[in-house]
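The values are calculated or read from the model by the stated rules, or taken from the named source; none is laboratory data. Small disclaimer: the values here were computed from a predicted structure and weren't measured. Positions of Cβ are generated from backbone atoms using ideal geometry, with glycine treated the same way; all protein chains shown enter the neighbour counts.
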Amino acid sequence: MLSVLVLVTCQLVAAFWLFVAFWMSPRDGHDRDALDGAGLGALFTMGFAVPALLLTIVPVKLGWLRRLWFAPPAVMLALAAVRYGYLVHVYDPW
């Protein structure tokens, strides 16, 4: 039960930051506030999704949780990486 609570908390925080990363869309290349917000949202998503993936290994190996618990953080990590790559490629903010 404790592992589920920790994993769900990490995944909810990562989902919030993923929402921020996609919600803040810059109007043009000079909209630095939106670029910074979207970039930080993507980085924070990756920062919470990677530990969630790592924390999922032990409960799955022990048979407490199913392998499906790897899917949400893996998907959020991939989406955040794509969003960050898109921002860097299209807007070249830094």
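Remark: pairs (first residue in segment 58-76, at negative phi; second residue at pLDDT below 90 and aliphatic (A, V, I, L, M); Cβ separation under 6 Å; 6+ apart in sequence or on different chains) = PRO59/LEU65.
Do you know which of the residues in segment 23-80 that are among the β-branched types (Val, Ile, Thr) and touching a Ser or Thr at 6+ places or on another chain (Cβ under 9 Å) is surrounded by the fewest Cβ atoms within 10 Å (Cβ to Cβ)? Please lay out each step first, then the result.
Applying the first criterion (among the β-branched types (Val, Ile, Thr)) to segment 23-80 yields 45, 50, 56-58, 60, 75.
Filter again for touching a Ser or Thr at 6+ places or on another chain (Cβ under 9 Å), leaving 56, 58.
Details: THR56: 23, VAL58: 11.
Checking each candidate, the answer is VAL58.
Is it true that ARG66 is farther than 24 Å from LEU5 by Cβ and modelled with pLDDT under 95?
Numbers: farther than 24 Å from LEU5 by Cβ: no; modelled with pLDDT under 95: yes.
No: the conditions fail for ARG66.
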